[in-house]
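K.L.:
My questions will all concern the structure given below.
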Amino acid sequence: MSFDSKAPSKNQTVVNSTSKSHMAVNTINSRQSQTPITTPHYIPNITKKTVNAANFEGDILDHQAYLDFHNEQQTRLEQRFVIAAKEKIVKLENLLEKGRQHGLPQTQLQEAIDKIAVLKNMQAKLESKGSN
């Protein structure tokens with residue numbers, strides 16, 4: 001009797017010979033079969049995303065130059081916040097108006113009003129800091 005090394009397919013009968021007088025028959029049940037593994041449509045990138053951060057290129061022993069570098073980075077960050085806050089405030093004000101039109105509860109409307117006020121306050125604070 002020859003044995004095929006291939007794995008049995010779905011609903012195929014497999015005959016195992018343990019001796020000439022005894023043969024065991026195993027049937028692969030279709031309920032036990034699993035769906036085949038397929039390649040996903042999207043494969044995420046495994047590598048770390050590189051951040052294009054400005055690196056200090058001066059003399060590390062020059063403490064004042066190092067502080068100036070970090071202050072400049074902080075100023076750029078604050079300027080980007082001011083720009084982003086303008087866009088976010090417009091978006092939140094539009095959502096607030098839609099919420100009023102749809103009759104949202106005052107607690108939810110007040111939450112949006114508070115967020116807008118905080119953004120405007122921080123934006124004004126950073127703008128005044130930048131103009132000094």
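The values are calculated or read from the model by the stated rules, or taken from the named source; none is laboratory data. Values in this document were obtained by computation on a predicted structure and should not be read as measured data. A quick note on method: Cβ atoms are made from the backbone with ideal geometry, for glycine too, and the neighbour counts reach across all protein chains shown.
K.L.:
Can you pull out every residue in region 56-79 that is more than 30 Å from the chain's Cα centre (by Cα) and in a loop (DSSP other than H, G, I, E, B)?
P.N.:
Listed by number, the residues that qualify are Glu57, Gly58, Asp59, Ile60, Leu61, Asp62.
K.L.:
While we're on this one: Pull up region 22-55, narrow it to residues that are more than 30 Å from Leu67 (Cβ to Cβ) and of a type in the set (Gly, Ala, Ser), then point me to the one that is modelled with the lowest pLDDT.
P.N.:
Taking region 22-55 and keeping what is more than 30 Å from Leu67 (Cβ to Cβ), we get 22-47.
If we keep only those that are of a type in the set (Gly, Ala, Ser) as well, we get 24, 30, 33.
Values: Ala24: 44, Ser30: 49, Ser33: 64.
Taking the candidates together, the pick is Ala24.
K.L.:
Mind checking whether some residue in region 80-98 is outside any loop (DSSP other than H, G, I, E, B), surrounded by 11 or more Cβ atoms within 10 Å (Cβ to Cβ) and in contact with a Gly (Cβ under 7 Å, 6 or more places away or on another chain)?
P.N.:
No; the residues of region 80-98 include none that is outside any loop (DSSP other than H, G, I, E, B), surrounded by 11 or more Cβ atoms within 10 Å (Cβ to Cβ) and in contact with a Gly (Cβ under 7 Å, 6 or more places away or on another chain).
K.L.:
Does Leu119 satisfy the criteria of being in a helix (DSSP H, G or I) and in contact with an Asp or Glu (Cβ under 6 Å, 6 or more places away or on another chain)?
P.N.:
Numbers: in a helix (DSSP H, G or I): yes; in contact with an Asp or Glu (Cβ under 6 Å, 6 or more places away or on another chain): no.
When the stated conditions are applied, Leu119 does not pass them.
K.L.:
Same structure, new question: For residues that are among the hydrophobic types (A, V, I, L, M, F, W, C) and in a helix (DSSP H, G or I), scanning just region 99-116, find the one that is farthest from Asn71 (Cα to Cα).
P.N.:
To start, the set of residues in region 99-116 that are among the hydrophobic types (A, V, I, L, M, F, W, C) comprises 104, 109, 112-113, 116.
Applying the additional criterion that residues be in a helix (DSSP H, G or I) yields 109, 112-113, 116.
Values: Leu109: 37, Ala112: 32, Ile113: 32, Ile116: 27 Å.
For region 99-116, the residue satisfying everything is Leu109.
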